[in-house]
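First up is the structure itself, then whatever we jot down about it.
The values are calculated or read from the model by the stated rules, or taken from the named source; none is laboratory data. Values in this document were obtained by computation on a predicted structure and should not be read as measured data. As a convention, Cβ positions derive from the backbone with ideal geometry for all residues, glycine included, and neighbour counts pool all protein chains shown. All accessible areas refer to the heavy atoms of the entire protein, side chains included, with ligands and DNA or RNA removed. Shrake-Rupley method; radii C 1.70, N 1.55, O 1.52, S 1.80 Å.
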Amino acid sequence: MKLYFHPASPFARKPRIVAHLLGLELETEFVDLFAGKGQAPAFLKLNPHGKVPTLVDGDFTLWESNAILQYLAAKQGDTPLYPDDVRVRADIARWLFWESSSWSQVCMVYVNENILKPMLGRGEPDPAELAKVEEKFHRFAKVLDGHLAGRDWLVGDGLTLADVAVAAALMYAVPGKYPLEGYAQIARWSAQVQALPAWAATEPPAA
């Protein structure tokens, strides 16, 4: 299996973390998004959105990071990351959908404004954009923090795909200046995820 990725992408980091946890060897190919390589015709044939991650397994091509997580885990069979139990899988899917539709959407506004715009010379962070997203961020952070109260992991008693997916965007919590003050449960849980060897193994290289 080959994974097309960029090391700075939290979305492309997710399947690399899962592969590490599962002991899967993935061939990787770097896609230099900042140099426009995501829009190269050959890559667009694999992923019409021009984004990473994209997985190729023989004649099967898959994009969308959380779909890739499920595919990698399901190929391994009944794994604690994605148990066969239908209710547990549904619970994991709930958090994968929530991460994709809600959590990562607000986190990426902070990444764009506080990291990408200055880095790419697109100007300073826009206070109006940050103010616009703040209410949503706190709404979602309260959901996550409240759910984690009294539990170590998002689903069941151990690490699952849900934790990997939801935690990935937090790799930019500090430089992105996410307003996480007061969310003690998120801090405890994210520190636990970031202490995993799989997290360290997928850390992007220092700039």
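Worth pointing out:
- Gaussian network model of the chain, Cα within-10 Å springs - most flexible of Asp157, Asp32, Asp91: Asp157
- DSSP bridge pairs, the range 1-95: antiparallel proportion in percent, nearest 5: 65
- Over 18 Å (Cα to Cα) - which of Lys14/Lys75; Lys14/Lys37; Lys2/Lys51 fall in this group: Lys14/Lys37
- What the chain shows is 50 Å² of accessible area per residue, with the surface traced by a 1.4 Å probe over protein heavy atoms.
- Equivalent ellipsoid semi-axes - Cα gyration tensor, the range 90-196, angstrom: 26, 13, 13
- For Lys136, the lysines whose Cα falls under 20 Å of its own Cα, not counting residues fewer than eight places away in the same chain, are Lys177.
- Two-site label geometry, Arg188 and Ala201: point separation in nm, points 7 Å out along Cα→Cβ: 2.8
- Carbon + sulfur, % of accessible area of the range 73-199 - ligands and nucleic acids excluded, 1.4 Å: 55
- Cross-link reach is defined here as a Cα-Cα straight distance under 19 Å, omitting same-chain residues fewer than 8 places apart; for Lys117 the aspartates and glutamates meeting it are Asp32, Asp126, Glu129, Glu134.
- Answer label, with Rg and Dmax of the Cα atoms in Å calculated from the coordinates and candidates (i) 17.0, 49; (ii) 16.1, 51; (iii) 18.6, 56: (i)
- Cα centroid separation, the range 72-109 to the range 126-148 (Å): 21
- Residue list for the range 10-26, given a label point 7 angstrom along the Cα-to-Cβ vector of Ala67 and an amide N cut-off under 18 Å: 11-16
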